[in-house]
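Each remark here refers to the structure printed beneath this line.
The values are calculated or read from the model by the stated rules, or taken from the named source; none is laboratory data. The structure displayed is predicted, hence computed values, not measured ones. Ideal geometry is used to build each Cβ from the backbone, glycine not excepted, and the neighbour counts take in all protein chains shown.
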């Protein structure tokens, strides 16, 4: 498994147009979570111009297929999107954990 981030760039009218498609988008996203593909998702704020979705999958095609079929994309709320592989090295969910030789607070 690998981690992938799907970035959405929203249109300027995203917040005004979102209510008409939000229920369909959320239902679609929760189904991807239930399949174990989508781990976290949400929008960046101040301004709300970008969405970030974290996928765990064998290939980037899983995230790309999500975007192709997402009601937000299909209905023009997303101006552009991009999938990037994310090399995770720190944290409980890291795919490739890397530990420092010493730990903070170690004596000696």
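Residue-wise test of (1) closer than 21 Å to residue 13 by Cα; (2) in contact (Cβ under 8 Å) with a residue 60 or more places away in the chain; (3) under 15 Å from the mean Cα position of the chain (by Cα); (4) not in a strand (DSSP E or B).
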site	(1), (2), (3), (4)
30	no, no, yes, yes
51	yes, no, yes, no
84	no, yes, yes, no
89	no, no, no, yes
98	no, no, no, yes
One residue from 74, 64, 24 being modelled with pLDDT of 95 or more and touching a helix residue (DSSP H, G or I) at 6+ places or on another chain (Cβ under 6 Å): 24
Positions within region 1-31 being closer than 30 Å to residue 96 by Cα and in contact with a strand residue (DSSP E or B) (Cβ under 9 Å, 6 or more places away or on another chain), in sequence order: 1, 2, 3, 4, 5, 6, 7, 8, 9, 29, 30, 31
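Report yes if residue 77 is surrounded by 13 or more Cβ atoms within 10 Å (Cβ to Cβ), in contact (Cβ under 8 Å) with a residue 40 or more places away in the chain and touching a strand residue (DSSP E or B) at 6+ places or on another chain (Cβ under 8 Å), otherwise no.
Judged against the criteria, residue 77 is a match.
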Qualifying residue in region 34-43 (condition: over 16 Å from residue 2 (Cβ atoms), outside any strand (DSSP E or B) and in contact (Cβ under 8 Å) with a residue 12 or more places away in the chain): no
